[in-house]
Amino acid sequence: VVTSVVVTVRSDPGEPRIVVTGPVQFETGVVKHINEVVLEVADRIVESVGVPCLSFAVSIANLSAASIADVGLQVAGFSADVPILLACLSAALQLPVADDIAATGHVASTDGQIRSVKNLAVKLEAAAADQTVRRFIFPAIDADHSLRTLAPNQREAFATAVAGAQDRVRASGVASVD
């Protein structure tokens, strides 16, 4: 399922610097991680070009899934780290992220290391099935040997997803924000 991450700069800066809004709920640990790790990476990048640290409102919209199930959705893992980082950078720098990009990945450190997330093959397949997505950014799973730790069926599923998506999306694995 492809979702949209919307981040806006808050006019009332302060603590907490990230405020979650909208229908999708975030687990407390996820919000803490975004504040302590993802936001630190965003700060480092925007400060390097002379933009001050800002506060943000984050909303994730997945209207189709929520309306089909008629339930609220909850973010419990780190798959949204990279999309949130991209959206924070976009808001802070006032540079839009292209509409045809889908991304997933765990920002694992304040150094900007990107690590693997669960169900990567399913996420790539969903991106390839979405007619609006042309580019898919995902964790370079060979950067930290994650592919070797996957069960054989997961390795095969990922390889199959990559092969099946080649004609629909340009998939780019990243290991770091650098």
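Which of the residues spanning segment 154-178 are under 22 Å from D99 (Cα atoms) and open to solvent by 60 Å² or more (accessible area, probe 1.4 Å)?
Result: Q166, D167, R168, R170.
Note down all Cβ pairs under 7 Å where the first residue falls in segment 39-58 and is touching a residue at least 12 places away in the same chain (Cβ under 8 Å), the second is open to solvent by 50 Å² or more (accessible area, probe 1.4 Å) and acidic (D, E), and they're at least six residues apart or on different chains.
Listed by first residue and then by second, the contacts come to C53/E47.
One line per residue, one yes/no per condition, for (1) open to solvent by 30 Å² or more (accessible area, probe 1.4 Å); (2) within 21 Å of T110 (Cα to Cα); (3) at pLDDT 95 or above; (4) of a type in the set (A, V, I, L, M, F, W, C):
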site	(1), (2), (3), (4)
V1	yes, no, no, yes
V24	no, no, no, yes
K32	yes, yes, no, no
N35	yes, yes, no, no
R44	yes, yes, yes, no
N62	no, no, no, no
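The values are calculated or read from the model by the stated rules, or taken from the named source; none is laboratory data. None of the values given here were measured: they were computed from a predicted structure. Here Cβ is always computed from backbone atoms with ideal geometry, including for glycine, and neighbour counts include all displayed protein chains. Note: accessible area is taken over every heavy atom of the protein model, side chains too, but ligands, DNA and RNA are not part of it. Shrake-Rupley method; radii C 1.70, N 1.55, O 1.52, S 1.80 Å.
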